[in-house]
Amino acid sequence: MYLEHFGLDEPPFRITPHTDFFFDGANRGATLDALVYAITHDEGIVKVSGEVGSGKTMLCRVLMERLPDNVIIIYLANPSLSREDILYAIADELRLNVPENARAAVVLRALQDHLIKSFSEGRQVVVLIDEAHAMPVETLEEIRLLSNLEANRNKLLQLVLFGQPELNDVLARPDMRQLKERITHNFGLEPLVRDDISSYLDFRMRAAGYRGPSIFSPVAVKMIAQTSLGLTRRINILADKALLAAFSSGSHQIGPREVQAAIRDCEFSAATYAGVDPRPKPMNKPGIVAGVVLALILGVVVVVWQMTQSSVPVQATGPAVPSPAPSPPSTAVPASPAPASVPAVPQPDLAPTEKPSGTGPLTQERLKAGQSWLKEMPDNRWFLQLLAKDVEQHAQIEAFLTKAASGGADMGKLHVYHSDLSGKPRYGVIYGDYPSQDAALAAARKLPPVLQSARPYPRQVIRLR
């Protein structure tokens, strides 16, 4: 309804998982990378826990896309499976030829034979279990037994449990200690803090095609943060309703009035986080009084110091501290004035204003080439994403490029880009230029081993802008 009003290609805040809208800020991207590593390196059972609406299903869907082609994925979304049913479900997903009324021992034997064969052919099987907190205890015990399937020194079956915090309570029981000991990695999806929420809102808007300055005011972000408790599903619901309220009033900005209208239309459960806000609490009254007194004392000290320093010229001793507000000032004049009803469109930030100290020559060279390439590429072209690192990790980017050069990669097709759409400045290494996703996937299978080791996956050029 409001898409044309804000210049959007699609709804930015749908609550159904859409992997193009995966926000890798707030440690989500690092968690995804760690999951891929744990699964592909035989690390036993992995557990991911998070509150209702924290983004577990989205993380699971993106994980399914990022795993290499040799990994066979089984996704189990039904938490009410019995001990025998989970064996039948896995066998069915693997298309095993077992009798309809076969005993569990027969199914398990067929499953083990199939896994041994898959392992000998270089294929790996991973089972992703959603809503694991709701599984019967007997079924969780069967999962432990499945983790025993091994061939020599390698696990035949990788298991990943996704569940709410109640899963941790179940695993803390004395009779669950054997399963808990098998879990080698525990990942928790924490709620987003206010700065992350601001970046998240801008990222989702731009992923949906928006090209103007940030439309969510700092006060609006603060209200959304307080009401949502940092849960992405709640943020999506509130932001969607706020956009609708702005559209109804003919506004292109989201302020307190629009967010308040969204809040009135929501009925979130008080049981989330057991009815407790997980973020830092305000001080009690004595603490507040002490804080006010301390602030007054500090204020007097600062005033006196400023008076004594008023005649001394001040020189900068370091780089300027960036403003926390992601949007440009409202008084800025765009190069080409947009109509009054359409927000001004800023140019994308293709490269950092300052390169981190020590950035390698290959990184600088391919970053410059990436700038030119991105300016010329149409939004609907595709490329292969190879690597993404925070700008402070530029040494890893340089090491990867050096390895690629010595490994026979076509350096003319390798580009480096800079982006802060995820909420944190990052460098990315990409490869090639393709007319479609299928063409990019086909090209990925023909890359030299040095590039295939990075587990490339296709993306569209518009996702960099």
Yes or no: region 186-208 includes at least one residue that is touching a residue at least 40 places away in the same chain (Cβ under 8 Å), basic (Lys, Arg) and closer than 30 Å to ARG426 by Cβ.
yes
Looking at region 47-68 only, could you name the residues that are surrounded by fewer than 17 Cβ atoms within 10 Å (Cβ to Cβ) and either free of Cβ contacts under 8 Å to residues at least 12 places away in the same chain or under 18 Å from LEU157 (Cβ atoms) (or both)?
MET64, PRO68
Residues that are part of a helix (DSSP H, G or I) and either exposed (fewer than 15 other Cβ atoms within 10 Å of the Cβ) or polar (S, T, N, Q) (or both), drawn from region 90-99:
ASP92
Can you tell me which residue in region 205-258 is farthest from GLY53 (Cα to Cα), limited to those that are touching a Gly at 6+ places or on another chain (Cβ under 7 Å) and in a helix (DSSP H, G or I)?
VAL219
Is it the case that some residue within region 392-411 is more than 19 Å from TRP373 (Cβ to Cβ), touching a residue at least 12 places away in the same chain (Cβ under 8 Å), acidic (Asp, Glu) and surrounded by fewer than 17 Cβ atoms within 10 Å (Cβ to Cβ)?
yes
In the set LEU421, LEU447, LEU451, LEU401, the lone residue that is part of a loop (DSSP other than H, G, I, E, B) and modelled with pLDDT of 90 or more is LEU447
Would you confirm, using the coordinates I've provided, whether VAL48 is assigned to a helix (DSSP H, G or I) and either within 30 Å of TYR200 (Cβ to Cβ) or touching a Cys at 6+ places or on another chain (Cβ under 7 Å) (or both)?
no
Out of region 358-391, which residues are of a type in the set (Asp, Glu), exposed (fewer than 15 other Cβ atoms within 10 Å of the Cβ) and farther than 13 Å from VAL461 by Cβ?
GLU365
Give me the pairs, please: first residue somewhere in region 105-121 and in the same structural domain as LEU146 (by TED's automatic domain parsing) and of a type in the set (Val, Ile, Thr), second residue anywhere and part of a helix (DSSP H, G or I) and surrounded by 13 or more Cβ atoms within 10 Å (Cβ to Cβ), beta-carbon distance under 9 Å, and either six or more positions apart or on two chains.
VAL107/GLU84; VAL107/LEU87; VAL107/TYR88; VAL107/ILE90; VAL107/ALA91
Could you check how many residues of region 100-130 are over 23 Å from SER80 (Cα atoms) and not in a helix (DSSP H, G or I)?
4
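The values are calculated or read from the model by the stated rules, or taken from the named source; none is laboratory data. Given the structure is predicted, the values throughout are model-derived calculations rather than measurements. Quick reminder, even Gly has a Cβ in these numbers, built from the backbone with ideal geometry, and neighbours come from all protein chains shown.
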